[in-house]
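What follows is a set of notes on a single structure, which appears directly below.
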4 protein chains.
Amino acid sequence: MTTPLPPVGATTWVVADGYIPPSSTGPVPEMVSHDSVCMLNAGSVAASVDIHVFFTDRDPAGPLTVVIPAQRACHRRINDLGDGIVVPGVDYSLVLRSDVPIVVQHTRLDSRQAANALMSTIAYPAG
Amino acid sequence: MTTPLPPVGATTWVVADGYIPPSSTGPVPEMVSHDSVCMLNAGSVAASVDIHVFFTDRDPAGPLTVVIPAQRACHRRINDLGDGIVVPGVDYSLVLRSDVPIVVQHTRLDSRQAANALMSTIAYPAG
Amino acid sequence: MTTPLPPVGATTWVVADGYIPPSSTGPVPEMVSHDSVCMLNAGSVAASVDIHVFFTDRDPAGPLTVVIPAQRACHRRINDLGDGIVVPGVDYSLVLRSDVPIVVQHTRLDSRQAANALMSTIAYPAG
Amino acid sequence: MTTPLPPVGATTWVVADGYIPPSSTGPVPEMVSHDSVCMLNAGSVAASVDIHVFFTDRDPAGPLTVVIPAQRACHRRINDLGDGIVVPGVDYSLVLRSDVPIVVQHTRLDSRQAANALMSTIAYPAG
């Protein structure tokens, strides 16, 4: 095991282009169309991350809280966030707020057509 | 409804690689080739966003103004910006200037060939 | 014509993952596999951009100089930079240095297989 | 050969969304599904880069050390990092720490289905 690294990242992150494609081609679950937030807590204490969900036509929902243990990655499909807050086919955005520094990357797999498409970006570190 | 978050983001954003693929494969409208700017106004007052369009061979056009209500996401296809300023097949860039902080992500869906491609990036926060 | 915007961006930009896929599927030239640097000079004076090319196994080449007129976008395929410096199938990186602020986005179209793939990211603003 | 450029970049970089798709379609090695870290050391002294690997369910591994000569690009597939630390199909994140400034871009090629998908982002510069 490595010596813990100093904390890296920011405590507020934004994903502006949220959208879960509403259909899929290929085996379940790996090729199911999905949005993911991939988070790293490289520090030595657990991170508590509040995920706020924004929509185009109604008030924001959440926050949903995800706990990431110290020195752990956490890749979470938005499809599985729970509570039915985000449904396929609806535009949304996310603000993630953590009590310790983390890093967030946003990735989409779209398998609506016969060969899947991917996109990814480091989210926007807002503070 | 959640308590309003403090404003997050920047007031000037740049998308350098604008291009709407000029053909498409698949059902309309969801699989029509498009560029999108996905914007989040997480703050508690409406955002007025001026979109300036730059070309390779002529003077810039616009601005087109988009209003994003408080605490709302706004995902806008460039194809539908109006006024016929941006047409498929032409290279362009965008500068977006908002009166309050927002976050902007740029995404392209290209369905010219039989299975769509995607790309996305957080835009460049310029101030 | 719009009033000139203040200059936006940075003067040094880096693209780390350069690679031109060495084969293509589909019509020429639009579906030819390529890397592009998409640059915006939103300011009111022309930009002179020096492009330095780095390789894995030999000394860097260039700079190649590209001039972007005031208030213009410039989308340039690396395939067409000239001088045969970058050839398909070879890993490379780019450092771009401009005498005025610009914004740079890096995009790849890969049509080696039957339906094209895309990737894009705002380049790294280094100063 | 060009005059050496001043060093550009940062010394700590993060890739949050690590995942090597566990199957592939097409010729070996170019179309094998892979994650890559593409690094540029534009400076005039060699860079020693420690790569720390984080997982969702066990302690971090590494660091693996990669040396990048002065004025060289280094595109490294995670598949080939050695020591069997990262295996296809497992979620991970990376922290890269260099003794001199470098720039890091993260790219995935996914050829599980018949036409490959690509995604890329400049990694997060953490310090």
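Figures for the structure shown
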{"item": "Complete set of residues in the range B:31-64 that are in a strand (DSSP E or B), touching a residue at least 60 places away in the same chain (Cβ under 8 Å) and among the small types (G, A, S)", "result": "B:S36"}
{"item": "Filter pass, A:R58 being more than 13 Å from chain D (Cβ to nearest Cβ) and open to solvent by 50 Å² or more (accessible area, probe 1.4 Å)", "result": "yes"}
{"item": "Considering residues of the range B:1-20 that are within 11 Å of chain C (Cβ to nearest Cβ) and out of contact with any Pro (no Cβ under 7 Å at 6 or more places or on another chain) only, the residue nearest to B:H106 (Cα to Cα)", "result": "B:V15"}
{"item": "Per-region count, the range D:77-88, residues open to solvent by 60 Å² or more (accessible area, probe 1.4 Å) and part of a loop (DSSP other than H, G, I, E, B)", "result": "3"}
{"item": "Residue check for A:D91: of a type in the set (D, E), crowded, with 24+ Cβ neighbours inside 10 Å and within 23 Å of B:A117 (Cα to Cα)", "result": "no"}
{"item": "Test: residue in the range B:73-88 that is over 13 Å from the mean Cα position of the chain (by Cα), modelled with pLDDT of 95 or more and closer than 24 Å to C:P7 by Cβ", "result": "no"}
{"item": "Candidates C:V15, C:V37, C:V45 - the one that is aliphatic (A, V, I, L, M), closer than 18 Å to C:P69 by Cα and crowded, with 20+ Cβ neighbours inside 10 Å", "result": "C:V37"}
{"item": "Any hit, the range B:90-98, residues being among the basic types (K, R) and more than 25 Å from A:R108 (Cβ to Cβ)", "result": "yes"}
{"item": "Condition met for A:L118 (touching a His at 6+ places or on another chain (Cβ under 7 Å) and within 25 Å of D:A115 (Cα to Cα))", "result": "no"}
{"item": "C:D50 being more than 8 Å from every other protein chain (Cβ to nearest Cβ) and of a type in the set (D, E)", "result": "yes"}
{"item": "Meets criteria (in contact with a strand residue (DSSP E or B) (Cβ under 8 Å, 6 or more places away or on another chain), within 14 Å of chain D (Cβ to nearest Cβ) and either closer than 25 Å to D:A115 by Cβ or of a type in the set (F, W, Y) (or both)) for C:P63", "result": "no"}
{"item": "Looking only at the range A:1-12, and only at residues there that are in a strand (DSSP E or B) and not hydrophobic (A, V, I, L, M, F, W, C), the one that is least open to solvent (accessible area, probe 1.4 Å)", "result": "A:T12"}
{"item": "Qualifying residues in the range C:86-122 (those that are facing another protein chain (nearest Cβ under 7 Å) and of a type in the set (V, I, T)) - the one nearest to B:G127 (Cα to Cα)", "result": "C:V103"}
{"item": "Residue match in the range C:110-126 (condition: open to solvent by 20 Å² or more (accessible area, probe 1.4 Å) and more than 28 Å from D:H34 (Cβ to Cβ))", "result": "no"}
{"item": "Failed item, numbered, when A:T65 is tested on (1) of a type in the set (S, T, Y); (2) more than 18 Å from D:A126 (Cβ to Cβ); (3) more than 13 Å from the chain's Cα centre (by Cα)", "result": "(3)"}
{"item": "The range C:66-76 - residue that is open to solvent by less than 60 Å² (accessible area, probe 1.4 Å) and part of a strand (DSSP E or B) and, of those, farthest from the other protein chains (Cβ to nearest Cβ)", "result": "C:V66"}
{"item": "Qualifying residues in the range D:18-30 (those that are of a type outside the set (G, A, S) and either open to solvent by 20 Å² or more (accessible area, probe 1.4 Å) or outside any loop (DSSP other than H, G, I, E, B) (or both)) - the one farthest from D:Y92 (Cα to Cα)", "result": "D:P27"}
{"item": "Candidate set from the range B:65-121 (those that are among the acidic types (D, E) and without any contact (Cβ under 8 Å) to a residue 24 or more places away in the chain); member that is farthest from B:S24 (Cα to Cα)", "result": "B:D83"}
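The values are calculated or read from the model by the stated rules, or taken from the named source; none is laboratory data. Nothing here was measured: the structure is a model prediction, and the numbers come from that model. Note: ideal-geometry Cβ built from the backbone for every residue, glycine included; neighbour counts use all protein chains shown. When the accessible area is computed, the model is the full protein with side chains, heavy atoms only, and any ligands, DNA or RNA have been set aside. Shrake-Rupley method; radii C 1.70, N 1.55, O 1.52, S 1.80 Å.
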